[in-house]
Amino acid sequence: MPSAAGLCIAGQDGEGGPRNIKEAIVGWLHVEDQRAIAAEPRKGSRWFPSPSQCERDVGKLGNISAKEAVKAFRRAGWRPSIQVGSHPTLIKPGHRAHLSIPMHRELAVGTLRSLIRDAEMTVDEFLALL
């Protein structure tokens with residue numbers, strides 16, 4: 001009877017591998033847990049800023065209009081692609097992301113932060129382009 005990849009038939013221990021399905025599942029779960037821990041971002045990193053970092057950035061990112069944001073992204077090499085309703089879409093060669101910017105008088109801080117993250121920029125890099 002053929003066995004699944006990586007599993008041994010009960011009672012057989014080919015090369016120090018699992019002796020039964022239970023051992024195989026427990027081993028697989030351990031490996032997946034280790035991968036998840038390794039991939040988990042640290043607090044205070046670029047993608048998950050610390051609370052004090054958020055408080056500083058809220059003041060910096062407040063009161064930025066969509067027109068100003070579009071100009072800043074264009075300075076960073078993003079080009080207009082299409083516009084759907086009131087949302088122009090910007091693209092950049094070599095990037096998979098498309099930035100869809102709502103044309104509001106003032107962009108919400110969370111929306112602007114998400115656009116900056118999708119553009120693979122930091123808040124300081126974005127502010128330097130304003």
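We did not get these values from a lab; they are worked out from the coordinates using the rules stated. Keep in mind that what you see is a predicted model, and the values were worked out from it rather than measured. Here Cβ is always computed from backbone atoms with ideal geometry, including for glycine, and neighbour counts include all displayed protein chains.
Of note:
- Gain in span if fully extended, His87 to Leu129, counting 0.36 nm per residue against the direct Cα distance: 13.0 nm
- Derived scalar couplings ³J(HN,Hα) [the range 119-130; Karplus, 6.51 cos²θ - 1.76 cosθ + 1.60; whole Hz; x for Gly, Pro]: 7, 6, 10, 9, 4, 5, 4, 5, 5, 5, 8, 6
- The range 51-128: radius of gyration and largest Cα-Cα distance (Dmax), Å: 12.1, 37
- Each Lys and Arg contributes +1 and each Asp and Glu -1, all at the Cβ; summed about the Cα centre of the range 51-128, the dipole is approximately 280 debye.
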